[in-house]
Amino acid sequence: MSAGEVFHEKQRLELCAIHALNNVLQERVFTKETADDICKRLAPQCVVNPHRSMLGTGNYDVNVIMAALQSRGLAAVWWDKRRSVQNLHLDKVQGFILNVPSRVSLGIVSLPLRRRHWLAVRQVGGSYYNLDSKLKGPTCIGGEAELRTFLGEQLSQDVTEMLLVVQKEVEEDGTWLNAEDSRN
């Protein structure tokens, strides 16, 4: 499968969480409106919603991502970075959503500020793709070995976090983790 056949939403406003969700699902399921509705359900009494930007431009937190996945019968499993990515049972993982540091820029000028950014990685047609909405298009990572290298490099940054996107049953039975590591 070519990168042109892989679904990939590009960055708009601060909607990277929505783009990461849609990219990992490989279809446009969530919009700013659905994410805002989730925020309202998560904090119905709040005047200033703690799950998104005060400016209304997005910048959704992990709670919104988790609730969105749950609405599709999926779950987000927080990856313990003390574990090796070699212990992942990749056949049980639908995709990955990473939270990484990101530079802030105005046009072509990069500012000395760091923000958080959500990006998706998933297998499509036998290859894994980096579906970061800030990229011009999907970037092929390769097979399982290259994916594990890519994830290991991403997680080696102290501030990077990773969510595994799995079926609800997989979360419940813990089969996203290879059996030899599930004792830890």
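Of the conditions (1) farther than 19 Å from residue 18 by Cα; (2) modelled with pLDDT of 90 or more, residue 138 fails just one. Which one is it?
Here residue 138 meets the rest and fails (1).
Are there any pairs with C-beta distances below 6 angstrom linking a residue in the stretch 150-162 that is closer than 20 Å to residue 66 by Cα and open to solvent by 70 Å² or more (accessible area, probe 1.4 Å) to a residue that is of a type outside the set (Ser, Thr, Tyr) and not in a loop (DSSP other than H, G, I, E, B), with the two at least 6 apart or on different chains, and if so which?
What qualifies is 159/101.
Within the stretch 128-149, track down each residue that is among the aliphatic types (A, V, I, L, M) and open to solvent by 20 Å² or more (accessible area, probe 1.4 Å).
135, 141, 145
Can we say residue 38 is open to solvent by less than 40 Å² (accessible area, probe 1.4 Å) and modelled with pLDDT of 90 or more?
It is false that residue 38 is open to solvent by less than 40 Å² (accessible area, probe 1.4 Å) and modelled with pLDDT of 90 or more.
Of all residues in the stretch 80-94, which are under 16 Å from residue 144 (Cβ atoms) and assigned to a loop (DSSP other than H, G, I, E, B)?
84, 89, 93, 94
Among the candidates 26, 94, 70, which residue alone is closer than 25 Å to residue 156 by Cα, at pLDDT 75 or above and open to solvent by 20 Å² or more (accessible area, probe 1.4 Å)?
Values: 26 fails: closer than 25 Å to residue 156 by Cα; 70 fails: closer than 25 Å to residue 156 by Cα.
It is 94.
List the strands (runs of 3 or more DSSP E) that sit entirely inside the stretch 126-184 and contain at least 2 residues that are of a type in the set (Phe, Trp, Tyr) and on the phi < 0 side of the Ramachandran plot.
Fully inside the stretch 126-184 and qualifying: 127-130.
The values are calculated or read from the model by the stated rules, or taken from the named source; none is laboratory data. Everything numeric in this text was worked out from a predicted model, so none of it was measured. Here the Cβ is made from the backbone with ideal geometry for all residues, glycine too, and neighbour counts use every protein chain on show. What goes into the accessible areas is simple: the full protein's heavy atoms, side chains included, and nothing from ligands, DNA or RNA. Shrake-Rupley method; radii C 1.70, N 1.55, O 1.52, S 1.80 Å.
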